[in-house]
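Step one of this worksheet: look at the structure below.
We did not get these values from a lab; they are worked out from the coordinates using the rules stated. Because the structure is a prediction, the values reported are computed rather than measured. Neighbour counts are summed over all protein chains in view; Cβ atoms, including those assigned to glycine, are modelled from backbone coordinates with ideal geometry.
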Amino acid sequence: MNSDAIIECVPNFSEGTDLSRVSRIVHAMQVPGVSLLDWSLDLAHNRSVVTIAGPAEAVLESAVRGAGKAAALVDLTRQRGVHPRIGAADVIPFIPVRGASLADCALLARQAGLNLWRRYSIPVYFYGACAARPDRVQLEDVRRGQFEGLRDAVRRETSRRPDIGGPDLHETAGASAVGARSFLIAYNVHLRQPDITAARAIARDIRASNGGLHGVKALGVLANDRAQVSMNITDHLATPMPKVYNRLKELAFRYGAELDDSELIGLIPEAAFEEGAEWISRIPDFDPALKVVERRLVNPLDWPVE
């Protein structure tokens, strides 16, 4: 890894309704050298996503501190939301931006996982490029059963136990899935009709695991009483965003639905941005200076005051 390498980390926390609580988590992540690029609360999914970037060791420390603060503030035995989750700090992925490889990020993720267990007694599952087992490469396989199901499964099945720590999950903070991956685009599209059946059918047909588009993961959900196709695009180079949007339109027509506005959770890489693209025009108030990683690095956010 180059000495001036830039690593991105996008921790997802299982709290999206309490601004004060999320602010305290983000505040705890302030480490010299780390830039805060984005953070948002998603009330419908009861989830918050934070994007940071900077030198490897500083980003690692920032992510671990955020997970520790989340463990202290979020009680999964009380938390509810439509988004799958296994931990207070649910997912902690490391992404190479400049001067680093996926293998470098995998090593970083392994170290972060070790720190989480040693400091805060949070068990860890490794996924993506740092997965310790082939059946844990895919995040959805790690999160099968969510917190409640996994909490019971680790007591019955040795195959479900964490890679580090455990065997039981943390009583209130669960476990964290720590990974290394390339850029991922978290993209949600609403339907004009509150038709959850159509949203689920569209999600089923577009996701890669059902023979849909390569690198697309999708769920049909109800969010704020609106039918939504919630997607993660894990390979935007092989499956460009215009192709995803065109396929959504085709499937919506097939199932008697109509696409409405869209939303991005977090940021997108410069390579995915295309001025005037239809999929971008459907995102209200989209500003590339704020939503493109490389541009946001030039002008990061101020850290919240506790």
Any idea how many residues of region 30-45 are buried (at least 20 other Cβ atoms within 10 Å of the Cβ) and either over 26 Å from Gln79 (Cβ atoms) or without any contact (Cβ under 8 Å) to a residue 40 or more places away in the chain (or both)? 3
From the list Val178, Val154, Val142, Val189, which residue is of a type in the set (Val, Ile, Thr), touching a Pro at 6+ places or on another chain (Cβ under 9 Å) and under 23 Å from His45 (Cβ atoms)? Val178
Check Asp163, Asp104 and return the single one that is acidic (Asp, Glu), in contact (Cβ under 8 Å) with a residue 24 or more places away in the chain, buried (at least 21 other Cβ atoms within 10 Å of the Cβ) and in contact with a helix residue (DSSP H, G or I) (Cβ under 9 Å, 6 or more places away or on another chain). Asp163
Filtered residues of region 221-230 (kept if without any contact (Cβ under 8 Å) to a residue 40 or more places away in the chain and crowded, with 20+ Cβ neighbours inside 10 Å): Ala227
